[in-house]
Amino acid sequence: MGAALRIPWPLRAAVEADARALAGARGPRVDFESPPGEPALVGPDSVSWQVFRNPVALFIGGITAVILELAEPRVRHGVWDYTTFRSDPLPRMRRTGLAAMVTVYGARSVAETMIGGVGRMHARVSGVTPAGEPYRADDPELLNWVQATAAFGFLEAYSTFVRPVSPADKDRYYAEGGPAAALYGAIAPKSVADLEAQFAAMRPKLERSDIVLEFLGIMRRTPVFPAPLQRMMIRAAVEITPAWARETLGLEDRLKPWEAALIRTLGRLADTVVVEASPSSAACRRLGLPSDYLHRRA
């Protein structure tokens, strides 16, 4: 049974405003409280609902996921050549974050509609890498890689910097991604062993690229958290990237022990805070549960 912390106003007002901005990130506003009673793709008793409510884990894990995605040359050029990340990173990050929230917390009908739109966009993205290798964004192998790296990044960040996740719950978390992955046209890893096998199969295809370093530079310059903390969190994302991937990519900017301890403190604190406007709290209310239901289960 976890202790929930309701932060005081005006700090609460700022956090709530940011949560509302995420829910309407440059597009139609997503109401996570509607339709009343409609379940999500995965239930509130899931590991996923615990992991995705923590902003520290989401920021760190999201960066780790993109590091791994950009290591694959076809994914790298699809992302870098067809998105606005370089010119307009913050709105792009918010849209990506919103998509993750809808996938986990949104009503099933809302998630299915959003994922269908993403699939239609993917179908229009194709090209050829500088090495002459053709790619399509709806290639199942690439969709599987994006699914696996995202799932890994968020879980690893939560387990490392918030609270440890047991092996059994890690397996359960990966299996929970199956329904959403299928809607995206991907196959989710069903367990840690399945994920490790997928990483091993893709490892020979990954390569070093200056684009990965450019991405990390953009993340350092894009204000999300106070600058010193954000730089630490970016190093935390590098820290949890698998050692073999760090070696391939030439990533050496690692956390100092005191920085890791500070981020763990912040991650654990963030896990106690109830944000009424957050997707997780709103989704609980949609299902007739109290806003702090997930905090009680933690």
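Just so it is clear, none of the values below were taken in a lab; they were calculated from the coordinates. Note that this is a predicted model, so its numbers are computed, not measured. As a convention, Cβ positions derive from the backbone with ideal geometry for all residues, glycine included, and neighbour counts pool all protein chains shown.
Here are the numbers for the structure shown:
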item	result
Leading residue at positive end of dipole, region 30-147 (Cβ point charges), from Ser109, Pro91, Ala137	Pro91
Global size of region 33-151 as Cα Rg and Dmax, reported in angstrom	15.3, 50
Inter-probe distance in nm under a simple model that places probes 7 Å from Cα toward Cβ, at Arg95 and Phe225	2.5 nm
Dipole of region 170-298, positive end: most advanced residue of Pro223, Ala197, Cys284 [Cβ charges, Cα centre]	Cys284
Charge-dipole axis of the chain as Lys and Arg at +1 and Asp and Glu at -1 on Cβ define it, positive-most pick from Leu262, Pro44, Val66	Leu262
Reported label for calculated P(r) over Cα pairs in 10 Å bins from 0, in percent given (i) 6, 26, 35, 22, 9, 1; (ii) 6, 28, 39, 22, 4, 0; (iii) 6, 24, 27, 23, 14, 5, 1, 0	(ii)
Cα-based helix-to-principal-axis angle, 140-161 vs the chain, degrees rounded to 10	50 degrees
Selected from Thr241, Thr265, Thr149 as most flexible by GNM, with the chain as the system and alpha-carbon contacts under 10 Å	Thr265
Crossing angle, helix 73-82 versus the chain [Cα axis fit, 0-90 degrees, rounded to tens]	70 degrees
Between helix 55-70 and the chain: long-axis angle, C-alpha atoms, 0 to 90°, nearest 10	10 degrees
Amide H contacts under 5 Å for Val273, placed H, 5+ residues apart	Leu5
Unit charges on C-beta of K, R, D, E only; dipole of the chain, Debye	660 debye
